[in-house]
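Novice: Let me begin by handing over the structure; questions about it come next.
The values are calculated or read from the model by the stated rules, or taken from the named source; none is laboratory data. Since we're looking at a predicted model, the values are computed, not measured. As a convention, Cβ positions derive from the backbone with ideal geometry for all residues, glycine included, and neighbour counts pool all protein chains shown. Remember, those area values only see protein heavy atoms, side chains included, never the ligands or the DNA or RNA. Shrake-Rupley method; radii C 1.70, N 1.55, O 1.52, S 1.80 Å.
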Amino acid sequence: MILYPAIDILEGKAVRLARGDFEARTEYDADPLEAARRWVQAGARVLHVVDLDGARSGSPVNLDQVERIAREVEVPVQLGGGLRSVGAVRDAVSAGVTRVVLGTAAYTDVDFLDDVIAEHGDRVVVSVDTRDGRLASAGWLEQTEIPAEEVFERLGRRGVRSFVYSNIDRDGMLSGPDLDEVRRVAAAVRGRFLYSGGVSSTTDLAALAGLRQVNLAGVIVGKALYEGRLTIAEGQTALDSSARGGRDELRKGTNAL
């Protein structure tokens with residue numbers, strides 16, 4: 001499992017929202033590149049970048065910032081926010097991102113999703129953002145009654161194999177993950193997924209890794225890093241140690257047989 005530091009860009013700055021509320025923001029870096037450099041220097045293996053202006057407006061707004069980040073750091077960058085057309089996805093790839101994270105358009109435009117998967121294949125990730133277990137869209141501004149499990153099933157039939165699952169109710173609240181929810185998501189996903197929402201400590205990360213869900217590939221962490229509740233190294237160690245512990249237990253059980 002890999003720790004993904006989050007860099008959310010709003011009005012050109014690195015911020016964090018509380019529960020997806022654009023009015024409840026905290027600014028951490030006037031220049032998002034500084035956040036990117038800090039996380040990479042601290043040991044980050046990959047960066048998760050979200051163009052919040054793009055998510056809200058429906059098309060990318062901060063690609064210049066994203067291009068600066070991708071050019072300056074030597075780790076993969078994945079980008080979400082406002083990628084709702086084939087052209088926008090191509091522009092993101094041209095800006096240097098390794099993976100594109102689709103949201104609203106993946107559910108509402110079947111042809112778009114098919115075209116992007118055909119062109120970019122494994123570089124395509126779909127974000128399933130929920131409140132109370134149900135899909136939220138349009139930059140988290142619109143709420144649906146569609147259960148997350150149904151969304152995963154639909155997208156799986158379309159050929160999607162990589163997901164981000166975000167619990168908006170917990171996002172930016174440092175309230176810890178809902179482990180039962182993560183188990184349900186793991187059971188529904190046919191592929192791999194990243195979890196995001198509420199991580200506040202290395203204890204939370206160890207608990208997620210301790211679920212031993214083979215398709216849970218990583219955890220996105222934002223506010224806890226910005227506020228110094230854990231470091232990149234501490235977070236990755238928590239994920240590695242818990243995962244290693246699970247493998248050791250499995251080997252012991254196998255040997256006993």
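Novice: Out of everything in the range 120-149 that is open to solvent by 70 Å² or more (accessible area, probe 1.4 Å) and not basic (Lys, Arg), what residue ends up being modelled with the highest pLDDT?
Specialist: Asp122
Novice: Just to check your reading of the model, which residue among Arg247, Arg212 is open to solvent by 80 Å² or more (accessible area, probe 1.4 Å) and either at pLDDT 95 or above or of a type in the set (Phe, Trp, Tyr) (or both)?
Specialist: When all the criteria are applied, what remains is Arg212.
The rows are residues; the columns are (1) assigned to a loop (DSSP other than H, G, I, E, B); (2) touching a Ser or Thr at 6+ places or on another chain (Cβ under 6 Å).
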{"site": "Asp129", "(1), (2)": "no, yes"}
{"site": "Met173", "(1), (2)": "yes, no"}
{"site": "Asp180", "(1), (2)": "no, no"}
{"site": "Arg190", "(1), (2)": "yes, no"}
{"site": "Ala206", "(1), (2)": "no, yes"}
{"site": "Gln213", "(1), (2)": "yes, no"}
{"site": "Gly218", "(1), (2)": "no, no"}
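Novice: What residue, among those in the range 209-236 that are small (Gly, Ala, Ser) and in contact with a helix residue (DSSP H, G or I) (Cβ under 9 Å, 6 or more places away or on another chain), is farthest from Leu194 (Cα to Cα)?
Specialist: Ala224
Novice: Which residues, taken from the range 2-14, are open to solvent by less than 60 Å² (accessible area, probe 1.4 Å) and at negative phi?
Specialist: Ile2, Leu3, Tyr4, Pro5, Ala6, Ile7, Asp8, Ile9, Leu10, Ala14
Novice: Determine whether the range 15-22 contains at least one residue that is within 15 Å of the chain's Cα centre (by Cα) and open to solvent by 10 Å² or more (accessible area, probe 1.4 Å).
Specialist: The answer is yes, given that some residue of the range 15-22 is within 15 Å of the chain's Cα centre (by Cα) and open to solvent by 10 Å² or more (accessible area, probe 1.4 Å).
Novice: Please go through the range 23-43 and pick out each residue that is open to solvent by 10 Å² or more (accessible area, probe 1.4 Å) and under 16 Å from Gly222 (Cβ atoms).
Specialist: Answer for the range 23-43, where residues must be open to solvent by 10 Å² or more (accessible area, probe 1.4 Å) and under 16 Å from Gly222 (Cβ atoms): Ala24, Arg25, Thr26, Glu27, Tyr28, Asp29, Glu34, Arg38, Trp39, Val40, Ala42.
Novice: While we're here: Just checking, does the range 150-162 include any residue being out of contact with any strand residue (DSSP E or B) (no Cβ under 6 Å at 6 or more places or on another chain), on the phi > 0 side of the Ramachandran plot and not aliphatic (A, V, I, L, M)?
Specialist: Yes: one or more hits.
Novice: Next question. Have a look at Asp53, Asp111, Asp8 and point out the one that is free of Cβ contacts under 8 Å to residues at least 24 places away in the same chain and under 25 Å from Leu135 (Cβ atoms).
Specialist: Asp111
Novice: Scan (1) at positive phi; (2) open to solvent by 20 Å² or more (accessible area, probe 1.4 Å); (3) small (Gly, Ala, Ser) for the single condition Ala207 breaks and write down its number.
Specialist: Ala207 satisfies all of (1) at positive phi; (2) open to solvent by 20 Å² or more (accessible area, probe 1.4 Å); (3) small (Gly, Ala, Ser) except (1).
Novice: Moving to a separate point now. For Ser166, are the conditions met, namely being outside any loop (DSSP other than H, G, I, E, B) and either open to solvent by less than 30 Å² (accessible area, probe 1.4 Å) or at pLDDT 95 or above (or both)?
Specialist: yes
Novice: If the requirement is being within 30 Å of Glu234 (Cα to Cα) and outside any strand (DSSP E or B), which of these qualifies: Gly87, Gly54, Gly96, Gly82?
Specialist: The match here is Gly96.
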